[in-house]
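J.: Handing you this structure, nothing more for now.
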Amino acid sequence: GETIVFGDVLAVGEGSDLIVGKPNVDGARVHADIVKQGRAKKILVFKFKRRKNYKRTRGHRQHFTRVKITAIAPA
């Protein structure tokens, strides 16, 4: 439920009002609320070398943060 502010904005606007930064747009901010933090579904990482009797299986779960954009403030 915490509010965060992103300061590194690459582009703001749409259509003919688009402002593209080099590399970032000065003064632009994106406000967002954290909706959820968790871990994604498990993927299996399988290594195999044929004819060498080598097999390794390992699982991995990536951490993620889901955010909801509440406001975009241009420069």
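J.: Which of these values of P(r) over Cα pairs in 10 Å bins from 0, in percent was calculated from the structure shown: (1) 15, 16, 13, 13, 11, 9, 8, 6, 5, 3, 1, 0; (2) 16, 27, 21, 17, 13, 7, 0; (3) 20, 56, 19, 4?
T.: Matching entry in (1) 15, 16, 13, 13, 11, 9, 8, 6, 5, 3, 1, 0; (2) 16, 27, 21, 17, 13, 7, 0; (3) 20, 56, 19, 4: (2).
J.: Considering lysine pairs in the chain that are 8 or more places apart or on different chains, how many have Cα atoms under 27 Å apart?
T.: Number of lysine pairs found: 8.
J.: While we're here: With a sphere of radius 13 Å drawn around the Cβ of PHE6, what net charge do the other residues whose Cβ falls strictly inside it have (Lys, Arg +1; Asp, Glu -1)?
T.: 0
J.: Which whole-number percentage describes the relative contact order of the chain, with Cα contacts under 8 Å and a sequence gap of 6 or more?
T.: Reported as a whole number, the value is 34 percent.
J.: Might you report the magnitude of the Cβ-based charge dipole of the chain about its Cα centre, with Lys and Arg at +1 and Asp and Glu at -1, to the nearest 20 debye?
T.: 1700
J.: Looking at GLY27, PHE46, GLY13, which one has the Cα that reaches farthest to the positive end of the dipole of the chain (charges on Cβ: Lys, Arg +1; Asp, Glu -1)?
T.: My answer, from the dipole projection, is PHE46.
FYI, it's all coordinate maths here, none of it is from the lab. Computed from a predicted model, the values in this text were never measured in an experiment. In this analysis, Cβ positions are derived from the backbone assuming ideal geometry, glycine residues included, and neighbour counts consider all displayed protein chains.
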